[in-house]
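A.B. asks: There's a structure below that I have some questions on.
The values are calculated or read from the model by the stated rules, or taken from the named source; none is laboratory data. Quick caveat, the model's predicted, so the values are computed rather than measured. Every residue, glycine among them, receives a Cβ derived from its backbone with ideal geometry; neighbour counts consider all protein chains shown.
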Amino acid sequence: MIRTLSFIILWISLFSCEDFFSTTVDIDIPEHEPKLVVHAFGNTLLDSITVLVTQSVKINENPFQQKNLIQGARITIKSSEGQEAQFTEIVPDANYVDYNYILRAPNFLKEGVQYELQVEKDGFETVTATQTVPFSTRISKAIFIKEGGLDNDGNKRSAVDLSFKDPEEINNYYEATLLRTSNNNVPRYFEILDLTSTDPATSASFDYYSLVISDISFNGDQKTLRLLTWPEHEDNQQIKKLLFWSSITEDHYRFSKLAKKARENNDNPFGSPVLIPSNMSNGIGIFALAAGQLIPVD
């Protein structure tokens with residue numbers, strides 16, 4: 001009797017599985033209305049502001065295609081002090097598209113000033129975004145340590161210890177990139193070094209070699225931050241290290257963290273969908289302004 005009952009249960013289970021896997025579900029994909037996708041970045045330390053303008057695609061299409069670049073857009077930036085400038089379209093590299101519009105305007109961005117970006121293109125809604133350049137935070141010292149300890153994977157690392165006083169009563173966000181002068185004696189040419197940290201206030205940026213930092217755990221305090229990098233095998237005194245340190249907006253911070261997470265989950269069938277924040281009205285993307293400093297590392 002037990003054997004018969006077990007056989008019946010097994011037969012029902014197999015029959016149910018077969019019926020389950022033979023069932024199909026039709027899903028109506030909603031009609032797609034293309035929107036402008038705008039990624040605009042500027043820093044007071046740099047002499048240009050760059051903008052990448054593309055268009056949104058259907059859920060089953062590949063967004064990383066040359067045909068999705070938007071040509072002939074009209075891009076304007078206005079400051080709360082009355083300045084106004086137009087961007088110039090460029091022909092991007094076919095293999096790597098970082099931006100396709102540029103504004104070469106040294107000293108255009110100023111700390112504490114608000115800027116509005118406007119992107120117009122026939123056939124699309126006009127896209128706008130507003131950002132205020134944060135005030136920079138003074139770094140009191142940046143010291144290189146040859147034996148800086150272990151990273152989260154147990155690898156031996158060198159370190160840069162960075163000290164600063166975090167401003168009080170406001171939430172502050174930062175970005176750190178470690179540079180070194182090239183050993184090929186090319187003026188104003190820097191190599192970007194890998195950067196990580198075991199400090200919970202830090203997160204890897206979407207570009208993978210920078211770190212973004214939130215002051216939620218040390219708001220208003222004196223902070224010493226240890227940044228880790230790979231040890232160098234050469235001891236050349238002519239090669240200098242520099243820290244590109246920027247005060248960034250909360251929009252920039254959130255975008256950087258979640259864009260990195262989305263990129264990591266892109267090819268992972270078990271990864272959860274990531275909603276990347278946007279601060280564009282009538283479009284998609286990020287307008288991010290920062291106040292930068294280039295700090296020698298002793």
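A.B. asks: Out of everything in the range 128-180 that is assigned to a strand (DSSP E or B) and basic (Lys, Arg), what residue ends up being farthest from the chain's Cα centre (by Cα)?
C.D. replies: Looking only at the range 128-180, we keep the residues that are assigned to a strand (DSSP E or B), and these are 128-132, 139-150, 156-165, 173-180.
Filter once more, keeping what is basic (Lys, Arg): 141, 146, 156-157, 165, 180.
Numbers: Lys141: 26, Lys146: 28, Lys156: 27, Arg157: 24, Lys165: 25, Arg180: 21 Å.
Checking each candidate, the answer is Lys146.
A.B. asks: Please state which one of Ile90, Ile75, Ile49 is exposed (fewer than 15 other Cβ atoms within 10 Å of the Cβ), within 22 Å of Gly283 (Cβ to Cβ), among the aliphatic types (A, V, I, L, M) and modelled with pLDDT of 70 or more.
C.D. replies: Numbers: Ile75 fails: exposed (fewer than 15 other Cβ atoms within 10 Å of the Cβ); Ile49 fails: exposed (fewer than 15 other Cβ atoms within 10 Å of the Cβ).
Within the list Ile90, Ile75, Ile49, the selection yields Ile90.
A.B. asks: Name every residue in the range 137-160 that is closer than 14 Å to Leu243 by Cα and touching a Ser or Thr at 6+ places or on another chain (Cβ under 6 Å), in order of residue number.
C.D. replies: Passing the criteria: Thr137, Ser140, Lys141.
A.B. asks: Only one of Ser197, Ser256, Ser278, Ser247 is in contact with a helix residue (DSSP H, G or I) (Cβ under 9 Å, 6 or more places away or on another chain) and either among the charged types (D, E, K, R) or surrounded by 15 or more Cβ atoms within 10 Å (Cβ to Cβ) (or both); which?
C.D. replies: Values: Ser197 fails: in contact with a helix residue (DSSP H, G or I) (Cβ under 9 Å, 6 or more places away or on another chain); Ser256 fails: in contact with a helix residue (DSSP H, G or I) (Cβ under 9 Å, 6 or more places away or on another chain); Ser247 fails: in contact with a helix residue (DSSP H, G or I) (Cβ under 9 Å, 6 or more places away or on another chain).
Criteria check complete, one pass: Ser278.
A.B. asks: On to the next question. List pairs: first in the range 113-126 and under 15 Å from Gly283 (Cβ atoms), second surrounded by 15 or more Cβ atoms within 10 Å (Cβ to Cβ) and among the charged types (D, E, K, R), Cβ under 9 Å, 6+ apart or cross-chain?
C.D. replies: Glu116/Lys78; Leu117/Lys78; Gln118/Lys78; Phe124/Lys35; Glu125/Lys35; Thr126/Glu120
A.B. asks: Tyr208 - would you say it is touching a residue at least 40 places away in the same chain (Cβ under 8 Å), part of a loop (DSSP other than H, G, I, E, B) and either among the aromatic types (Phe, Trp, Tyr) or more than 15 Å from Leu294 (Cα to Cα) (or both)? First the steps, then the outcome.
C.D. replies: Working: touching a residue at least 40 places away in the same chain (Cβ under 8 Å): yes; part of a loop (DSSP other than H, G, I, E, B): yes; either among the aromatic types (Phe, Trp, Tyr) or more than 15 Å from Leu294 (Cα to Cα) (or both): yes.
Taking the combined requirement at face value, the residue satisfies it.
A.B. asks: Checking Ser272 against (1) crowded, with 17+ Cβ neighbours inside 10 Å; (2) modelled with pLDDT under 95; (3) hydroxyl-bearing (Ser, Thr, Tyr): exactly one of these is not met. Which one?
C.D. replies: Condition (1) is where Ser272 drops out.
A.B. asks: Just one of (1) in the same structural domain as Ile49 (by TED's automatic domain parsing); (2) hydrophobic (A, V, I, L, M, F, W, C); (3) within 24 Å of Leu45 (Cβ to Cβ); (4) out of contact with any Phe, Trp or Tyr (no Cβ under 7 Å at 6 or more places or on another chain) trips up Phe124, so point out which.
C.D. replies: (3)
A.B. asks: Looking at the range 165-189, which of the residues that are in contact with a Leu (Cβ under 8 Å, 6 or more places away or on another chain) and modelled with pLDDT of 90 or more is surrounded by the fewest Cβ atoms within 10 Å (Cβ to Cβ)? Give the steps one after another, and end with the answer.
C.D. replies: Taking the range 165-189 as the starting set, the residues that turn out to be in contact with a Leu (Cβ under 8 Å, 6 or more places away or on another chain) are 175-181.
Then drop every residue that is not modelled with pLDDT of 90 or more, which leaves 175-179.
Values: Glu175: 22, Ala176: 22, Thr177: 21, Leu178: 25, Leu179: 18.
So, considering only residues that are in contact with a Leu (Cβ under 8 Å, 6 or more places away or on another chain) and modelled with pLDDT of 90 or more, the one surrounded by the fewest Cβ atoms within 10 Å (Cβ to Cβ) is Leu179.
A.B. asks: Please go through (1) crowded, with 19+ Cβ neighbours inside 10 Å; (2) within 21 Å of Tyr174 (Cα to Cα) for Gln293 and return the number of the only condition it doesn't satisfy.
C.D. replies: Answer for Gln293: the failing condition is (1).
A.B. asks: Can you tell me how many residues in the range 211-222 are part of a loop (DSSP other than H, G, I, E, B) and not polar (S, T, N, Q)? Spell out how you get there, then give the answer.
C.D. replies: Restricting attention to the range 211-222, the residues satisfying the condition of being part of a loop (DSSP other than H, G, I, E, B) are 215-221.
Going one step further and asking which of them are not polar (S, T, N, Q), we end up with 215-216, 218, 220-221.
The total comes to 5.
A.B. asks: Further, regarding this structure: All but one of (1) loosely packed, with under 13 Cβ neighbours inside 10 Å; (2) under 30 Å from Ile70 (Cβ atoms) hold for Lys121; which doesn't?
C.D. replies: (1)
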